[in-house]
1. What is the number of the single condition among (1) of a type in the set (Asp, Glu); (2) more than 16 Å from the chain's Cα centre (by Cα); (3) part of a helix (DSSP H, G or I) that GLU268 does not meet?
2. Does VAL270 satisfy the condition of being in contact (Cβ under 8 Å) with a residue 60 or more places away in the chain and over 21 Å from TYR201 (Cα atoms)?
3. Look at region 144-172 and say how many of its residues are more than 22 Å from PHE330 (Cα to Cα) and either small (Gly, Ala, Ser) or within 11 Å of the ligand (Cβ to nearest atom) (or both).
4. Pairs only if they're at least six apart or on different chains, beta carbon under 9 angstrom, first in region 13-36 and of a type in the set (Lys, Arg), second part of a helix (DSSP H, G or I) and more than 9 Å from the ligand (Cβ to nearest atom); list them, first residue then second.
5. Which one of the conditions (1) outside any loop (DSSP other than H, G, I, E, B); (2) of a type outside the set (Phe, Trp, Tyr); (3) in contact (Cβ under 8 Å) with a residue 12 or more places away in the chain does GLY164 fail to meet, given that it meets all the rest?
6. (1) near the ligand (Cβ under 10 Å from one of its atoms); (2) in contact with a Ser or Thr (Cβ under 6 Å, 6 or more places away or on another chain); (3) without any contact (Cβ under 8 Å) to a residue 60 or more places away in the chain: which one isn't true of GLY129, the others all being true?
7. Is there any pair linking a residue in region 384-402 that is in the same structural domain as MET48 (by TED's automatic domain parsing) to one that is part of a loop (DSSP other than H, G, I, E, B) and loosely packed, with under 14 Cβ neighbours inside 10 Å, with Cβ under 7 Å and at least six apart or on different chains, and which?
8. Among (1) closer than 18 Å to MET78 by Cβ; (2) over 23 Å from the mean Cα position of the chain (by Cα); (3) of a type outside the set (A, V, I, L, M, F, W, C), where does GLY195 come up short?
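The values are calculated or read from the model by the stated rules, or taken from the named source; none is laboratory data. Predicted, not measured: the structure shown is a model, and the values here were computed from it. Here the Cβ positions follow ideal geometry from the backbone for every residue, glycine too, while neighbour counts run over all protein chains shown.
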Amino acid sequence: MARVRTAVVIGGGIAGPVVAVALRRAGIAATVYEAYAKNADGIGGELMLAPNGMAALAAIGIAEEVGAAGVPTPRMVMETGAGKRLGQFEDLPGLPTSRTFKRARLYRALVDAAVDAGVPIEYGRRLVGFEDGVDSVVAVFEDGTRVEADVLIGADGIWSTVRGLLDPGAPQPRFSGLVGLGGWARDAGLPSTAGAMHLAYGRKAFFGYRVGDDAEAGWFANVHSAEMLTAAQARAIPESEWLARLRELFADDELPALRLLDQVDPGELVNVGGLQDMPPVRTWSRGRVVLVGDAAHATTPSSGQGASLSIESAVELARCLRDLPVAEAFRAYEGLRRARVEKVIARTARINNDKAPGPVGRVVRDLVFPLVMRTFYQPERMMGWLHRYTIDWDAVVPAPQS
Ligand SMILES: Cc1cc2nc3c(=O)[nH]c(=O)nc-3n(C[C@H](O)[C@H](O)[C@H](O)COP(=O)(O)OP(=O)(O)OC[C@H]3O[C@@H](n4cnc5c(N)ncnc54)[C@H](O)[C@@H]3O)c2cc1C
């Protein structure tokens, strides 16, 4: 098979624009097709890029431009609902700083970086099918149009259409047992958390918050739910009901939760519904079609890694397509990525269980956590494998062994 010259990228979220920029750097003409209209980019609360995500952006030269849309967040403070500090995680030395973004701002910055790199982005183009041929692949859109390219990349998120077309038996997203809500407070009257994200195991629910130097606060809550709620189902419940429920869940905690909830503007509650991840997706590619980002390996937000892993995968996929013929490139890409992303997903599923323990589990956790932090926590050993992942953009990808 000849080397790749053109790519159709489905999805203009995070992995889509990044893979398109990286492909352009690799001399491959990529165009992004996004289902939604231009002004619908990125809804939702805040999102953090870890050092490995920032490093992957740096590998293709867009870390500075994109990073400017976020704020440095080099520290995570873990605490109980009683305000007792359980431990603190700092970014490891010598790495790019973690940054927190408003989701919409990160999406916008990535799209801007793609446009600056010469990537055409077409909105209102929903993929509904593809025809995979020997020499090319044809993307078929809802509006009846068709686009031919050397490869088709499914960067279409956790509910990927491309994944279902590649493998009708592919697994469905899996509910974590938690529902996600969040929001902002423009002037919460709270002191700046000085670059720290606070993560608190409240008595009845999990609460995260950060206050910027400009007094604006971002917060999120993870609430246990026996049933999966889609975003639409969760939003069908009036905001006032959710806010009342959150107030009740955090009423006994000594956290700034109630103060922040009081500041939620009507209509601004971020409600993402049930948090989900993907069980192992056995087929990442077939013929000239491949998956990247959440379509292949979604993890729940508790990992703080979904976007960072998506960016890593996007850059690695572009390197493989630059250096190898299609079939080998897809195998090399999966070889570079699968074990790592599945390790993060499995680890995160365990963290989700910790967020909703019973009373005994809570007591054990609150006693054991600080002890583990004091006695066993070795930052390099525990976080190094995750945060020190680096991509050498110029290194040639070797052909995978068959
Ligand atoms: C509440 C919440 C908080 C999170 N917090 C963090 C965090 O702090 N840190 C972190 O690293 N990750 C976080 N994540 C995860 C992160 O958002 C995802 O991992 C990341 O968005 C995946 O990027 P993606 O490009 O693969 O998918 P998406 O960002 O979902 O983008 C997919 C795009 O494809 C488009 N699309 C879908 N179907 C089609 C189609 N048929 N045709 C054309 N376009 C299509 C969609 O409209 C969308 O724009 C969070 C997720 C949630 C829900």
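1. Answer for GLU268: the failing condition is (3).
2. Considered against the rule, which asks whether it is in contact (Cβ under 8 Å) with a residue 60 or more places away in the chain and over 21 Å from TYR201 (Cα atoms), VAL270 comes out as no.
3. 1
4. Taking only residues 6 or more apart or on different chains, the pairs are ARG24/ALA114; ARG24/ALA318; ARG25/ALA318; ARG25/ARG322.
5. If we test GLY164 against (1) outside any loop (DSSP other than H, G, I, E, B); (2) of a type outside the set (Phe, Trp, Tyr); (3) in contact (Cβ under 8 Å) with a residue 12 or more places away in the chain, just (3) comes out false.
6. (2)
7. none
8. GLY195 satisfies all of (1) closer than 18 Å to MET78 by Cβ; (2) over 23 Å from the mean Cα position of the chain (by Cα); (3) of a type outside the set (A, V, I, L, M, F, W, C) except (2).
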